[in-house]
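Colleague: I am attaching a structure below and will ask some questions about it afterwards.
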Amino acid sequence: MKLTWNGPITYSVGGKFTYPKYSGVYIIAKTIDGIKKAKYVGQVNIYERMKVHESNDESNSCVKKVMSNRDDIKVYYTEIKNETDRDNAEFTLYNFYGGSDKLCNENTPFGEYDYDISGPFLQEIEP
């Protein structure tokens, strides 16, 4: 299955991002020394999950640090309604972007490699 990517969502005036209110997978990327690096991949209702990432309720200290300067953040996302498909897409992205060695993800997603994750964002984000 080929994914159709949207984004990037960037920091807006007033300090808020505007996220889609559907389920899918997403990538949080941060610009470090002029290079966009993938920092976290996730799934579920993108709006609800990103509200947690932005809040003081975020329990992942690495994500909290990444989100502390939102001027350098870009979020890429795609809608995927089926939970198994989301699991597989998240798993593929997690492994593509370097797994626990490079990402803030505390747990390895469960899934299988069966997604074409290509999109224009791949040219912008380095593992």
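Colleague: Search segment 27-63 for residues being in a helix (DSSP H, G or I) and at pLDDT 95 or above, and hand back the single one that is surrounded by the most Cβ atoms within 10 Å (Cβ to Cβ). Lay out the reasoning, then the answer.
Modeller: From segment 27-63, those in a helix (DSSP H, G or I) are 46-54, 61-63; that's our starting set.
Among the residues that remain, those that are also at pLDDT 95 or above are: 61-63.
Numbers: Ser61: 10, Cys62: 14, Val63: 21.
Only one residue tops the list, namely Val63.
Colleague: Search segment 68-90 for residues being over 12 Å from the mean Cα position of the chain (by Cα) and surrounded by 21 or more Cβ atoms within 10 Å (Cβ to Cβ), and hand back the single one that is farthest from Val44 (Cα to Cα).
Modeller: Within segment 68-90, the subset over 12 Å from the mean Cα position of the chain (by Cα) is 68-72, 79-88.
Add one more test, that the residue is surrounded by 21 or more Cβ atoms within 10 Å (Cβ to Cβ), and what stays is 80, 86, 88.
Details: Ile80: 9, Arg86: 8, Asn88: 12 Å.
Selected residue: Asn88.
Colleague: For residues in segment 92-121 being of a type in the set (Phe, Trp, Tyr), under 12 Å from the mean Cα position of the chain (by Cα) and in a helix (DSSP H, G or I), which is nearest to Val41 (Cα to Cα)?
Modeller: Within segment 92-121, the first condition is being of a type in the set (Phe, Trp, Tyr), and the residues that meet it are 94, 96-97, 110, 113, 115, 121.
After this cut, where a residue has to be under 12 Å from the mean Cα position of the chain (by Cα) as well, the list is 94, 97, 121.
Add one more test, that the residue is in a helix (DSSP H, G or I), and what stays is 94, 121.
Values: Tyr94: 6, Phe121: 13 Å.
Out of the qualifying residues, it is Tyr94.
Colleague: Looking at segment 91-110, which of the residues that are in contact (Cβ under 8 Å) with a residue 24 or more places away in the chain and either at positive phi or among the β-branched types (Val, Ile, Thr) (or both) is surrounded by the fewest Cβ atoms within 10 Å (Cβ to Cβ)? Spell out how you get there, then give the answer.
Modeller: Within segment 91-110, the subset in contact (Cβ under 8 Å) with a residue 24 or more places away in the chain is 92-94, 96-98, 102-106, 109.
Checking the rest, the ones that are also either at positive phi or among the β-branched types (Val, Ile, Thr) (or both) come to 92, 98.
Working: Thr92: 21, Gly98: 14.
My answer is Gly98.
Colleague: Just to check your reading of the model, which residue among Ser100, Ser55, Ser59 is out of contact with any strand residue (DSSP E or B) (no Cβ under 6 Å at 6 or more places or on another chain) and under 20 Å from Ile9 (Cα atoms)? I'd like the intermediate steps shown before the answer.
Modeller: On the way: Ser100 fails: under 20 Å from Ile9 (Cα atoms); Ser59 fails: under 20 Å from Ile9 (Cα atoms).
From the options Ser100, Ser55, Ser59, the qualifying one is Ser55.
Colleague: Next question. Could you go through segment 106-121 and let me know if any residue there is within 17 Å of Tyr19 (Cβ to Cβ) and modelled with pLDDT of 90 or more.
Modeller: Going through segment 106-121, the residues within 17 Å of Tyr19 (Cβ to Cβ) turn out to be 121.
With the extra rule that they be modelled with pLDDT of 90 or more, the set shrinks to none.
Checking segment 106-121: not a single residue is within 17 Å of Tyr19 (Cβ to Cβ) and modelled with pLDDT of 90 or more.
The values are calculated or read from the model by the stated rules, or taken from the named source; none is laboratory data. Given the structure is predicted, the values throughout are model-derived calculations rather than measurements. Here the Cβ is made from the backbone with ideal geometry for all residues, glycine too, and neighbour counts use every protein chain on show.
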